[in-house]
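Throughout, read-outs are computed from the coordinates displayed, never taken from laboratory work. This is a predicted model, so every value here is computed, not measured. Quick reminder, even Gly has a Cβ in these numbers, built from the backbone with ideal geometry, and neighbours come from all protein chains shown.
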Amino acid sequence: MSDKRNPVPSNSKALTVASNLVSKLPEIPPYEKARAIGENALLKLPASNNPYQLLFKSAMIDDALTISARSALYSSVLSDETKLIEHRISELRNPVSPASLFASDEKSLEERLFDATASVKILTSQVAMHLDREWRNKLFAQLDSLHDIEEWDPDDEPIQAASFATFLKAIVQINPQRRPGLGLSHNGYLVASWTAGKDRLTIEFLQNDRVRWVLARHRGDDVERFAGQTAVSRLIDGLTPYSPDYWFSK
């Protein structure tokens, strides 16, 4: 006795071949080739509103009416094997991102601080010939101290590589005989400071090779203050009226 609720497709052999192909799609490396074969098999099926054929067609062409195992109409005619085919096709249409396979939880604060200091130390290797070993070692020690996790404010940003790159360019250009003290701004910009008695020059190293500087010089009882912002390549020119040697020479 035939089951009128689950009619057998008139071309069951062609549908079976196509369905078997779909079930094996994950095993075939060139997905597009496999899809083309499946679509070719679909074209060979006679026109019909048979639920099996509608299921296969919607899966292959991503029809807006598509499959849903929750649908009362389709659930009544779909076997477990056919539902598995639908599931495999759905996975192929919406593949898992390769990056997500390696995704990890958000980095801890300790990891973020370590990565930040490691990246700028690597940058330093590009200009190592311009910095003597003693200064490099002191510079690295200062960077580690600035990122001491025990004293770190969670609202602050670790040093930005772009800021440190600007700092290195300035140091190579200026070639100061006197080494600056270093600090870090709230948003991760490196700040260098040179002092001479009560006088102070402070330079903040921004992104995109920009610098911002402020200086204060005592003239008797008066204090003169000056500030500027310029490209790192013009830093010396900007400081020329204020005697760069006063700050950078021993």
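Would you mind checking the pairs Lys198/Lys250; Lys107/Lys169; Lys138/Lys169 and listing those with alpha carbons more than 21 angstrom apart? Beyond 21 Å: Lys107/Lys169.
In this structure, the amide hydrogen of Gly188, modeled 1.01 Å from its nitrogen in the peptide plane, lies closer than 5 angstrom to those of Glu157, counting only residues at least 5 positions away or on a different chain. Cα centroid separation, the range 113-169 to the range 176-250: 19 Å. Extension gain for the segment Asn175 to Trp152, taken as residue separation times 0.36 nm less the Cα-Cα distance, is 5.2 nm to one decimal. Normalised by 2.2 N^0.38 Å, where N counts its residues, the alpha-carbon radius of gyration of the range 109-248 equals 1.07. Among the trypsin sites (Lys or Arg not before Pro) in the range 150-234, those located in a DSSP loop and surrounded by at most 16 other Cβ atoms within 10 Å of their own Cβ are Arg178, Lys198.
Computed 3J(HN,Hα) for the range 119-130, one whole-Hz value per residue from the Karplus formula 6.51 cos²θ - 1.76 cosθ + 1.60 where θ = phi - 60°, is 5, 6, 5, 5, 4, 4, 4, 6, 10, 4, 5, 9, glycine and proline marked x. Here's the picture: a label point sits 7 Å out from the Cα of Ala161 along the beta-carbon direction, and within the range 121-143 the residues with their amide nitrogen under 13 Å of it are 121-126. With a cut-off of 17 Å on the backbone N, the residues of the range 224-250 near the modelled label site 7 Å out from Lys198 along Cα-Cβ are 224-226.
Note that the range 234-250 has calculated 3J(HN,Hα) couplings of 10, 4, 4, 4, x, 8, 3, x, 10, 6, x, 4, 4, 8, 9, 9, 7 Hz, one per residue in order, obtained from phi through the Karplus relation 6.51 cos²θ - 1.76 cosθ + 1.60 (θ = phi - 60°); glycine and proline are x. Taking a point 7 Å out from the Cα of Gln207 in the direction of its Cβ, the residues of the range 171-192 whose backbone N falls within less than 14 Å of it are 187-190.
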